[in-house]
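Here's the structure we're looking at; comments come further down.
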Amino acid sequence: MLSKNNLSIVIVSFASNDVIFNCINSISSKIDIVVIENSNNQNLKVELEKKYKNVKCFLNSSNNGMGAGNNYGLSKIDTDYALILNPDVILEKLTIDELINASKKINEFSILAPVHSNNDYPNYKINKNKNSNNLPNLIDVVSVDGYAMLINLKRVQQVLNLENLNIFDENIFMYLENDDLCKRLLEANENIYVVKSSKIKHLGAKGVSEIFKYQVELSRNWHWSWSRFYFKKKHYGFYIAFIKELPRAISSLIKNFIYFVVNSKKKEIYSCRFKGFLNAFLGRPSSYRPRINIKNLDN
């Protein structure tokens with residue numbers, strides 16, 4: 001049964017010094033938190049574990065992305081439930097209590113999620129083919145955004161026939177690893193809900209320190225293109241992925257040439273979009289990494 005004693009929180013961070021403390025401050029000190037720091041930032045580990053008794057921070061020597069980072073975090077907990085959070089998420093006072101209360105009113109679920117406090121930015125897609133739970137506080141959904149999702153670990157492991165808690169597809173560095181998980185669960189006839197009374201605030205694209213903003217933007221554009229192609233190829237086949245993503249790739253290539261002279265930064269952004277598509281098309285891994293020097297955080 002879901003409770004604060006049977007729940008852990010996993011946060012994958014990368015140079016998230018600007019926001020992660022606000023995130024952790026919004027979480028009850030009674031809940032254990034595992035932080036996976038993908039930048040190998042020893043100073044952040046020391047600071048987090050010194051400030052918070054309920055936090056353990058594990059360092060990755062290489063940046064393996066969100067999927068692998070989440071799986072690593074899940075391997076470090078011993079509870080039956082895990083709330084996956086991005087470091088730029090802030091919980092409201094009753095966010096977790098509302099999730100717990102909602103879980104008591106349903107028989108089974110694989111994923112529960114809070115909703116964004118701003119209705120203009122929904123973090124879910126409604127399941128139009130399944131909305132029969134008859135509970136006004138719950139919505140059947142097709143997918144939830146990966147920045148806040150509570151996973152019933154034993155159930156997911158069982159229905160997906162996993163030998164361990166490698167729940168997320170580690171081929172995906174970032175973007176759509178949450179959609180991939182949700183799609184696999186729906187295909188296994190599992191229930192995914194959002195709880196309308198459970199609210200969070202998501203700052204959006206603020207997970208990495210602002211001093212690295214441009215390098216992170218390049219990485220986002222590269223991986224968004226790569227992940228879109230990979231996701232469609234995995235679930236619908238190569239031909240569908242190619243037909244769906246080719247127009248965006250051509251548009252990116254054209255804009256890359258347009259901005260070649262007038263705006264070098266935009267030129268590089270569109271170049272990354274095209275290269276992400278090209279690498280996915282050629283079956284290459286999601287290998288792009290932002291050029292970030294963590295030592296700059298201390299300056």
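The values are calculated or read from the model by the stated rules, or taken from the named source; none is laboratory data. What you see is a predicted model, and the numbers here were worked out from it, not measured in a lab. FYI the Cβ positions are ideal-geometry reconstructions off the backbone, even for glycines, and counts take in every protein chain you see.
Residue under question is I139, and the condition is that it be farther than 28 Å from N38 by Cα and in a strand (DSSP E or B); does it hold?
yes
Would a scan of the stretch 58-67 turn up a residue that is over 23 Å from H223 (Cβ atoms) and either out of contact with any Pro (no Cβ under 7 Å at 6 or more places or on another chain) or surrounded by 15 or more Cβ atoms within 10 Å (Cβ to Cβ) (or both)?
no
Out of the stretch 143-185, which residues are in a strand (DSSP E or B) and either modelled with pLDDT under 95 or crowded, with 23+ Cβ neighbours inside 10 Å (or both)?
S143, V144, A148, M149, L150, I151
Before we move on, is K183 of a type in the set (D, E, K, R), out of contact with any Leu (no Cβ under 7 Å at 6 or more places or on another chain) and not assigned by TED's automatic domain parsing to the domain that holds V115?
no
Quick check: anything in the stretch 86-96 of a type in the set (D, E, K, R) and free of Cβ contacts under 8 Å to residues at least 24 places away in the same chain?
yes
For residues that are crowded, with 21+ Cβ neighbours inside 10 Å and touching a Leu at 6+ places or on another chain (Cβ under 7 Å), scanning just the stretch 18-40, find the one that is farthest from N60 (Cα to Cα).
I27
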